[in-house]
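The values are calculated or read from the model by the stated rules, or taken from the named source; none is laboratory data. Note that the structure is predicted; figures quoted are calculated from it, not measured. Cβ placement follows ideal geometry from the backbone for every residue including glycine, while neighbour counts extend to all protein chains displayed. Remember, those area values only see protein heavy atoms, side chains included, never the ligands or the DNA or RNA. Shrake-Rupley method; radii C 1.70, N 1.55, O 1.52, S 1.80 Å.
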Amino acid sequence: MRLLLLFTGLILFTLACKTAEKAEAEPESTVLLNENLDPEDIVFALKKGGCYGKCPVYTLRIYNNKYAEYTGKKDTDKLGIHGMMITSATYKALQEQFDEAEFFGFEDIYPSDIADLPSATITYQKDGLKKSVKGKRERPEALHKLQFGLEKIADAKGWQLVKSTEQMIAERPRIDKSKIVVKIAKGSEMARWFTKMRQEYGMQLLESLTPNNDTWLVQINPKDHNPDKFLELLRIDPVVGSAEYYQAK
């Protein structure tokens, strides 16, 4: 009887240990928390560039809610956008690794003369500070270790397809080169400047995009003026703070 109880207890203990290990290995939630994502909530990111061969080209982002997003672009078995929840233990381990490596003390760029190597850009955000470090092989060993830690997550199992490449292409905003979003830098000269641009280039004001009227949607006739050249003309104008093509949804 005593042996039977001992044997039963041993089995229960073994099962409890395996259950605990499984709980630690799996995310707390299998539901993808990918709604209302804000770029400001990205804590870790890894962007892998291409090479002359078949190097995987992708971007890995990990948000503060422990949602990981993998956007595969080329030479990877995960093309499109994939999502996965990571464990609290994995998330905490990454934070500790980045902090111990004193990530904010690295150089922003580590130049390389070797063209046939993929570049890697690592990003970390903490306490309102955000830093990105770009380089290839010629980097401190600590950076290679941080990259390896992020790559382990990128290569892990459990990713779920969120959006295919075809869906991404279909949803890509359409650029209308006849319309330009212009932000004015010198408000005191705005009225005179608009009059000048209308007279010289036929530029039309369509609508104000901000309450303080410092950003406007304007339009030109592409048959009269080359849109790309006109955009560059706006960007070097001292009255203009910024100018971008309008993206129609």
Search result, residues across segment 211-226 that are farther than 17 Å from I175 by Cβ, surrounded by 15 or more Cβ atoms within 10 Å (Cβ to Cβ) and of a type in the set (S, T, N, Q) = T215
message = Between a residue in segment 174-197 that is closer than 14 Å to L234 by Cα and any residue that is of a type in the set (S, T, Y) and open to solvent by 60 Å² or more (accessible area, probe 1.4 Å), which pairs come within a Cβ distance under 7 Å, given they are 6 or more apart or on different chains?
response = K179/Y246; I180/Y246; V181/Y246
request  = Output the number of residues of segment 176-202 satisfying the condition of being over 12 Å from V240 (Cβ atoms), open to solvent by less than 60 Å² (accessible area, probe 1.4 Å) and within 35 Å of the chain's Cα centre (by Cα).
outcome  = 3
query = Within segment 139-249, which strands (runs of 3 or more DSSP E) (wholly inside it) include 3 or more residues that are among the hydroxyl-bearing types (S, T, Y)?
reply = 240-248
